[in-house]
1. Which of the residues that make up region 90-130 are touching a Pro at 6+ places or on another chain (Cβ under 9 Å) and over 15 Å from residue 170 (Cβ atoms)?
2. So residue 187 passes all but one of these: (1) touching a residue at least 40 places away in the same chain (Cβ under 8 Å); (2) within 15 Å of the chain's Cα centre (by Cα). Which condition number does it fail?
3. For residue 74, indicate whether it is assigned to a helix (DSSP H, G or I) and either surrounded by fewer than 18 Cβ atoms within 10 Å (Cβ to Cβ) or hydrophobic (A, V, I, L, M, F, W, C) (or both).
4. Which residue, of 179, 78, is touching a Gly at 6+ places or on another chain (Cβ under 6 Å) and modelled with pLDDT of 95 or more?
5. Identify all residues within region 1-15 that are more than 11 Å from residue 42 (Cα to Cα) and outside any loop (DSSP other than H, G, I, E, B); write none if there are none.
6. I need the strands (runs of 3 or more DSSP E) fully contained in region 102-190, keeping only those with at least 2 residues that are surrounded by fewer than 20 Cβ atoms within 10 Å (Cβ to Cβ).
7. Looking at this structure, is residue 62 in contact with a Lys or Arg (Cβ under 7 Å, 6 or more places away or on another chain), modelled with pLDDT of 95 or more and loosely packed, with under 13 Cβ neighbours inside 10 Å?
8. For the list (1) more than 14 Å from the chain's Cα centre (by Cα); (2) buried (at least 16 other Cβ atoms within 10 Å of the Cβ); (3) not acidic (Asp, Glu), I need the number of the one condition that residue 88 fails.
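The values are calculated or read from the model by the stated rules, or taken from the named source; none is laboratory data. On a predicted model such as this, the values are computed, not experimentally measured, just so you know. Methodologically, a virtual Cβ is constructed for each residue, glycine included, from the backbone with ideal geometry; neighbour enumeration extends over all protein chains shown.
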Amino acid sequence: MRVAVIGTGNIGGTLGKKWLAAGQDVVFGARTPATSGPGGASVLSVAEALVGAEVVLLAVPGPAVADIVSANAAALVGTVVVDAANRMGESSAHSRETIAAAAPGAHYVRAFNTLGWENFADPPAGAALFFAADPQARATAEELITATGLEPVFVGDRGAADIVDGVLRLWFALVQQSGGNRRLAFRVVR
């Protein structure tokens, strides 16, 4: 699967390296292209990275999402768009409406926003990642989550993005109560 990771920071860089190791075709998109990025993958302009992408991971600061999706709306049609960005301090942490307005033909996923990047780099045993996804994107989301070493836990379609964001708020509260220990994750016991 061709995955365009938009953002080369802790979240994007870590997930891109994991997916490369799992055999995915990963390219990074950034403001400043480079010959080599995380895991040795190419770093192109955002527009170039989106060419031919089946999946797009938005791993940028939350306020940057609107500009990225509006400038590249046509390239997002028919792709799985994974919203990993958090709009901290706003009424909604996700960018579901922004993405839907700019690229109504994109298949939305809300994932990779509820745990610190450390848990993607080295997942605790049995740790789960809660996600919401359009029906057409669910299998892809589960494959990408599994490739990171986490257990995918589906909570609903795109309308469940707020539920996923509730997990984000819980994670932050528990990290604060743990003295800032970000190596904290969740497990579902059945």
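1. Filtering region 90-130 down to residues touching a Pro at 6+ places or on another chain (Cβ under 9 Å) leaves 90, 107, 111, 115, 128-130.
Matches in region 90-130: 90, 107, 111.
2. Here residue 187 clears every test but (2).
3. Numbers: assigned to a helix (DSSP H, G or I): yes; either surrounded by fewer than 18 Cβ atoms within 10 Å (Cβ to Cβ) or hydrophobic (A, V, I, L, M, F, W, C) (or both): yes.
Yes: the conditions hold for residue 74.
4. So the residue among 179, 78 that is touching a Gly at 6+ places or on another chain (Cβ under 6 Å) and modelled with pLDDT of 95 or more is 78.
5. So in region 1-15, the residues more than 11 Å from residue 42 (Cα to Cα) come out as 1-3, 6-7, 9-15.
Within region 1-15, 2, 3, 6, 10, 11, 12, 13, 14, 15 meet the criteria.
6. Values: elements: 107-110, 128-133, 151-156.
In region 102-190, the matching strands (runs of 3 or more DSSP E) lie at 151-156.
7. Details: in contact with a Lys or Arg (Cβ under 7 Å, 6 or more places away or on another chain): yes; modelled with pLDDT of 95 or more: yes; loosely packed, with under 13 Cβ neighbours inside 10 Å: no.
When the stated conditions are applied, residue 62 does not pass them.
8. Evaluating residue 88 over (1) more than 14 Å from the chain's Cα centre (by Cα); (2) buried (at least 16 other Cβ atoms within 10 Å of the Cβ); (3) not acidic (Asp, Glu) leaves (2) as the failure.
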